[in-house]
Every structure is written in structure tokens, then in C-alpha cells.
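Here the structure comes first, spelled out in C-alpha cells, and everything after it is commentary.
What follows is calculated from the coordinates using simple rules that are stated; it is not laboratory data. On a predicted model such as this, the values are computed, not experimentally measured, just so you know. Here the Cβ positions follow ideal geometry from the backbone for every residue, glycine too, while neighbour counts run over all protein chains shown.
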Amino acid sequence: MTSLTGRSFLKELDFTPDEWRSLLDLAAQLKQERRDGVEQQRLLGRTIALIFEKSSSRTRSAFEVAAAHQGAHTTYFDPTGSHIRGKESIVDTALLFGRMFDAIEYRGFGQDTVEQLAEHSGVPVWNGLTDEWHPTQTLADQLTIREWVDKPLDEVTIAYLGDARNNVGNSVLAAGALMGMDVRMVAPTQLHNTDEVVAQARAVAEQTGARITLTDDVAAGVAGADVIYTDVWVSMGEPKEVWTERINLLTPYQVNAAVMDATGNPDVIAMHCLPAYHDRNTTVGEEVYQLTGMEALEITDEVFQAQREVIFDQAENRMHTIKAVMVATLARN
């Protein structure tokens, strides 16, 4: 295990390929220990602050359960549960929490917030999601790929379909570059990753042998893929006119049976970081149907149900990989 003691976990590109791979290996080890009933509590007596400026199902559950498994105590701060940003600056919050907690998790808005917490708190800080990056998600994604695709990661082809410029799109590209994967970002040109993110990923790819492709051609982008990945097209809170424009733009990039067939790979898997708008059984799903007449958005219910085991393994793996991050950066030697 590469030593990461005391390190923060802010984005993929902060790590070397060996460091990233060691986290995947540790996650697999901890997952097996849990299943075998031999897990050791490496974080006994540790205290962890969980700052959530955005709501969550998987991230909160994963951090709280992983910490409990390892003997640590968590304190959860919802958007109104602390003075951060409102009555107290990010720097002052970092200075305070760094004196009371052994580590801090942050899920919220700009990457600059989590970076400031890490700079000023003096304790490990973990990124549970920002507008720019979602590194705990891609760590779980790659553990899932290792479990489901019978190839080393550097031989795997992953095609991401949809809005590639969001946090998940950026993280899929960066993590894929770290592991030497064939990464295809398949999206309308105006929704490709930024030039800065692409340049950073290509610089890593020069060292790892990763292949990076940005294309708006679905057929070419998915050909031969082992993994098809998608994420939501719109964020709640965006105005309805944005929904309509985005949906019209991205409908050709929906993950459906035709896209899965177009890979030419009978063993291809589909992945989604959830929540997914694959049916009308949610408030949002019904709103989308009333607005557009579409029964599903980024992934059809047919594909979602066929790939349910993969997708929920992916969700479970958030816990195992987050546990690995916590143990690697916080456990006492």
C-alpha cells in the first residue's frame, strides 16, 4: 500500500497512477474483509465532520456506514447545520473544524471550497462532490469495472455519453487517464469537457498510455466499448427552459438498447452514478414526462433493469472505496 497518511482526497489528478491503484486495491481488500467477517477497525476513536451543502443518498450513507464499520464517529452538518459561508468564512470553518475533528468531508459547490478546507484545516479533507470533480464516484466506478470486466483497466474501453463537462464527466476522463484506459467522451461539441480538463488528462495519458477521444458521433464513440456510462442531463434547480434545451440536445445520446447493440460487444455493461431518470416513478421523472413526453431521459428503463446488478454494485462500491480513502489517509500507522 502506497502511504497516503495525512493526505487529502480532492480530485483524481492529485494522485499518481500507483497511488490511485493502491486505493482500488485497498478497497477490494476491505470489501473482502467485510464479507468474510474479519474486518479490523482501523479508525477507532477518530472523529469526522461531514459537511453537506448539497443533499445526498449514496455519499452520506457511504461515509457514515464506512466510518461506523471502522470504529470512527461522524457528525453530519446539513446545509443549515453549520455557519459555513453564511456567518463564518470557509477559512474560519476550516480552522475550527481542524481543531475538533480528525478529518472533514465536504459535498457542495465550487472546488475552491474543498481546496480551502484542505489548505487551512490541517487534517485530511475528502471531496464528496463539487461542481468540478467527483473523485469518490470514479474510484467506485473503477472498482466495479474491475469486478465486472474481465480485463485489466488499461485494456478497458469506456464510453461516457451525455453532458461531459459536468463533475462526473471530468472525473471519468481524469480517472480513466490515470489507469491507462481507452476513454471516449461522447457528447455534443458544446458539452465536451473544457480545454483545461482535457489538457490535464492528456498530460497524464502521455505517461500511462491512455487513449482519449472526444467525439459527437455516438456510433463511433461506442464501437467496441466494454463500458457505457451516463449521468443525469439536467440538475434540479435549473430553469425549465434549460431542461427543454438540454434534453433536445442530448436525446441522441440516450443509453438505450440500440446504443448497447452498437458497441458490438455482447458483454458490454452500462453504468450510472445515480439517481437515474429511467422511468416516471419519481416526482422528477413525472415532471420530465409532463414537460417532454419522454418516459426516460439519459438511460431507458429497459437498459437500466437489464444492468441493475452492475449499477447497484457500483452504488455499493461507494462505501468500500470511501472506506479505503478514509483508512489510507487517516488510519494510525
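Only helices at least 24 Å long along their axis, Cα-based, and averaging -0.5 or more on Kyte-Doolittle count here, so list those DSSP H runs from the chain.
Taking the DSSP H segments of the chain (at least 24 Å long, mean hydropathy at least -0.5), we get 308-330.
If the viscosity is 0.692 mPa s and the temperature 37 °C, what translational diffusion coefficient in µm²/s does Stokes-Einstein give for region 116-223 when Rh comes from Kirkwood over Cα pairs?
228
Which shape class applies to region 227-273: rounded if a/c is under 1.5, otherwise prolate when a/b exceeds b/c and oblate if not, where a ≥ b ≥ c are the square roots of the Cα gyration tensor eigenvalues?
oblate
Under a Cβ-only charge scheme (Lys and Arg +1, Asp and Glu -1), can you give me the dipole magnitude of region 137-315 about the Cα centre, in debye to the nearest 20?
About 280 debye.
Check Ala103: other-chain or 5+ apart residues with amide H under 5 Å from its amide H, H built from backbone geometry?
Thr47, Ala49
Step through the residues of region 253-266 one at a time and calculate ³J(HN,Hα) from phi using the Karplus curve (6.51 cos²θ - 1.76 cosθ + 1.60, θ = phi - 60°), rounding each to whole Hz and writing x for Gly and Pro.
Taking θ as phi minus 60°, the curve returns 9, 4, 7, 9, 4, 5, 5, 4, 5, 5, 5, x, 10, x Hz for region 253-266.
Quick one: Debye curve from the alpha-carbon atoms of region 201-297 only, equal weights, vacuum; give me log10 I(q)/I(0) at q = 0.18, 0.20 Å⁻¹ to two decimals.
Once normalised to I(0) and log-transformed, intensities are -0.95, -1.07.
Arrange the peptides 156-169, 288-301 so that the one whose residues have, on average, the most other Cβ atoms within 10 Å appears first.
Packing order, densest peptide first, comes out as 156-169, 288-301.
Ranked from highest to lowest mean number of other Cβ atoms within 10 Å per residue, what is the order of the peptides 73-85, 120-132?
120-132, 73-85
For the chain, take the convex hull of the Cα atoms, compute a quarter of its surface area, and give me that in nm², please.
So the mean shadow area of the Cα hull is 16.4 nm².
When the dipole is taken about the Cα centre of the chain, and only Lys, Arg (+1) and Asp, Glu (-1) are charged at their Cβ, what size is it in debye, to the nearest 20?
Around 1080 debye, computed over the chain.
What fraction, in whole percent, of alpha-carbon pairs in region 137-315 exceed 24 Å separation?
Every Cα pair in region 137-315 considered, those over 24 Å come to 32 percent.
List the residues, sorted by chain then number, that are 5 or more residues from Glu132 or on another chain and whose placed amide H is less than 5 Å from its amide H.
The answer is Gln111.
List Trp148, Trp20 from most exposed to least, where exposure is judged by having the fewest other Cβ atoms within 10 Å.
Fewest-to-most ranking of Trp148, Trp20: Trp148, Trp20.
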